[in-house]
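Structure record follows, encoded as structure tokens.
The values are calculated or read from the model by the stated rules, or taken from the named source; none is laboratory data. Since we're looking at a predicted model, the values are computed, not measured. Here the Cβ is made from the backbone with ideal geometry for all residues, glycine too, and neighbour counts use every protein chain on show. Areas reflect the complete protein model, heavy atoms only, side chains present, ligands, DNA and RNA absent. Shrake-Rupley method; radii C 1.70, N 1.55, O 1.52, S 1.80 Å.
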Amino acid sequence: MRAWILAIGLDETTATKFKENEIDGSMLAGLQKEELESLGVVKLGHHKVFKRELGKLCSEASHLKDSNC
């Protein structure tokens, strides 16, 4: 999770908050705006990047049986 968060341009503090809150990849698609904000994804640009990159991740994982996207 940390590597993906950093790879999409979010910061270490955000990555740490995801870890502290035990957020894993299976939970990403279900995160609401308020939840993202509490995890450090506050700026509008960061929300847009997060959603765009999540879309790419879901597209790549769409063939997997356990995909939550």
inquiry  = Using a 7 Å offset from the Cα along the Cα-to-Cβ direction at both ASP11 and ALA61, what is the distance between the two label points in nm, to one decimal?
reply    = 2.6 nm
request  = Could you check how much of the accessible area of segment 8-69 is carbon and sulfur, as a whole percent, using a 1.4 Å probe?
outcome  = 51 percent
note = For the chain, using Cα atoms only, the Rg and Dmax in Å read 11.4, 33
task = Grab the Cα-Cα distance for VAL42 and ALA3, subtract it from 0.36 nm times how many residues apart they are, and report the gain in nm with one decimal.
result = 12.1 nm
ask   = Ignoring ligands, DNA and RNA, what accessible area per residue does the chain give at 1.4 Å, in Å²?
value = 68 Å²
